[in-house]
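Working notes for the structure below.
The values are calculated or read from the model by the stated rules, or taken from the named source; none is laboratory data. These numbers come from a predicted model, not from an experiment. Reconstructed Cβ throughout: ideal geometry from the backbone, glycine too, with neighbour counts over all protein chains shown. When the accessible area is computed, the model is the full protein with side chains, heavy atoms only, and any ligands, DNA or RNA have been set aside. Shrake-Rupley method; radii C 1.70, N 1.55, O 1.52, S 1.80 Å.
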Amino acid sequence: MTDTTHDQRADATLDCSGLLCPLPVYKASLALRQLSPGQVLHLVTTDPGALEDVPAMARQTGDTLLGVERTETNQLFWIEKGPHR
Amino acid sequence: MTTTIPTNSVTDRGLRRYADVRDLLPDVDNPSPLLRLNRVVTGEVYLKLEWLNPFGSVKDRAAAAILAGLERDVGLDGRHLVEATSGNTGIALAALAALHRIPVTVTVPEGIPEEKKVILRMLGAEVWETPDDLCPMDMPKDGAIALARSLVASENRFVLGDQYRNHDNVTAHYTTTGPEIWRQTEGRVRWFVTGLGTGGTVTGVGRYLKERDRSIKVVAVEPQPGHRIPGLKSLAEAKQPEILDLDLIDELVRVDDEPAYDTTRRLWREEALTVGPSTGAVVAAIGRLDIGEEEPVVGISADSGFKYTTYLAETLGDEGLPRP
């Protein structure tokens, strides 16, 4: 699940390394509230469960998951805040 | 004109004096009141008024036992207490933890009454409001539980009360609520009715009463899926709590929101009992049971309605408002 074709710019970064799901999703949700619509949150996680939880969160909140990258130890997400939050 | 005070009002209860708020916690020698209902239902039906406990709910018992168990098993020095709660357990834990200067974080389901969140924050707790579907890989309605567990798994200083798994929750009711009911009814209780939440009350009280008399009927009250009755859980949309022993339950009665809130309103207006909606659900369930004559019933009145005024207001419409 690696997609490096997306724009990797971010307006904020949240490092949730070491945190187990669903904690990263919860913290990402709080961080997105601080952003304006159209701004991008870069989320870093180490729990593989985030690969299912983060896309599900984005679907539920109306935010857009711009890209996902998977390294040996991390999962990296770029989430654009939707217009309706 | 003079009034004669009945002898049974002049007991040493009039001299009750306490050195610490924890001394107000109920036990067999200081039971929560058992009050007979006289108007809303027929028969010999009593409510155990748990909202007169010091922190306002039946959860005072579980919280005290859980905290004592954590102190015994893992120690609380330097710890940070975490609990998933619909409010009442968190309130009691936060109050008790404050006495020990232990920080508390509670994860609560999204949409619990504002009143409960304010009470928790007043007691110094950090309140994490959690969407029920936060963890899509888990069961719906268990988001707060999943979040609390993930928080504790992420850092050693966090310790979980874990009321859904912690057997001290059951023990609290086995050693206090059950014996209180047995003694207060002088062993006459035939039916015990309570809402289904963590399963601690129904399992602890049910086990105690059935050990005294196997024929006592134990009834659990379950809400509808998507309900608006704080403190209750629908087994259709949440995992069965690990401490819940379904074998102890003779009848599982489902009460939907409307009859629960209708009965709550009747209890306020006809019995002058300012109970919360889960008590309405319990009394509505009692009204549906096939109870014979001479069969005393005890229902749990878990908390008062003052924590739910925003919910109650939704059911009132324009009732009680002046009209032009």
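Couple of notes before you dig in:
- Test: residue in region B:289-306 that is within 23 Å of B:K117 (Cα to Cα) and hydrophobic (A, V, I, L, M, F, W, C): yes
- Only listed residue being closer than 30 Å to A:T45 by Cβ, more than 14 Å from every other protein chain (Cβ to nearest Cβ) and among the aromatic types (F, W, Y), chosen from B:Y174, B:Y164: B:Y164
- Scanning region B:40-58 for residues that are under 10 Å from B:A302 (Cβ atoms) and open to solvent by 40 Å² or more (accessible area, probe 1.4 Å) turns up just one, B:W51.
- Failed item, numbered, when B:G292 is tested on (1) modelled with pLDDT of 95 or more; (2) open to solvent by less than 60 Å² (accessible area, probe 1.4 Å): (1)
- Cβ separations smaller than 7 Å between residues 6+ apart or across chains give the following pairs from region B:246-268 residues that are over 17 Å from B:D303 (Cβ atoms) to residues that are open to solvent by less than 60 Å² (accessible area, probe 1.4 Å) and assigned to a helix (DSSP H, G or I): B:L248/B:V202; B:L248/B:T203; B:L248/B:G206; B:L248/B:K210; B:I249/B:V202; B:I249/B:G206; B:V253/B:A285; B:P259/B:A284.
- In this entry, B:R101 is excluded by the filter for residues that are within 14 Å of chain A (Cβ to nearest Cβ) and basic (K, R).
- Of B:L52, B:L34, all but one fail to be touching a helix residue (DSSP H, G or I) at 6+ places or on another chain (Cβ under 6 Å) and modelled with pLDDT of 90 or more; the exception is B:L34.
- Filtered residue count, region B:269-324, keeping only those that are more than 14 Å from B:V58 (Cα to Cα) and polar (S, T, N, Q): 4
- Residue check for B:D290: assigned by TED's automatic domain parsing to the domain that holds B:V41 and without any contact (Cβ under 8 Å) to a residue 24 or more places away in the chain: yes
- Residue check, B:I291 among the hydrophobic types (A, V, I, L, M, F, W, C) and more than 21 Å from the chain's Cα centre (by Cα): yes
- Of residues in region A:7-29 being more than 7 Å from chain B (Cβ to nearest Cβ) and exposed (fewer than 14 other Cβ atoms within 10 Å of the Cβ), the one modelled with the lowest pLDDT: A:D7
- Residues in region B:73-99 that are over 17 Å from the mean Cα position of the chain (by Cα) and either modelled with pLDDT under 95 or surrounded by fewer than 24 Cβ atoms within 10 Å (Cβ to Cβ) (or both): B:D73, B:V74, B:G75, B:L76, B:D77, B:G78, B:R79, B:H80, B:A98, B:L99.
- Any hit, region A:33-42, residues being more than 9 Å from chain B (Cβ to nearest Cβ), among the hydrophobic types (A, V, I, L, M, F, W, C), touching a residue at least 12 places away in the same chain (Cβ under 8 Å) and buried (at least 21 other Cβ atoms within 10 Å of the Cβ): yes
- Those strands (runs of 3 or more DSSP E) lying entirely in region B:155-271 with at least 3 residues modelled with pLDDT under 95, in the same structural domain as B:A302 (by TED's automatic domain parsing) and touching a strand residue (DSSP E or B) at 6+ places or on another chain (Cβ under 6 Å): none
- Among the residues making up region A:56-85, those that are within 14 Å of chain B (Cβ to nearest Cβ) and surrounded by fewer than 16 Cβ atoms within 10 Å (Cβ to Cβ) are A:R59, A:Q60, A:G62, A:R85.
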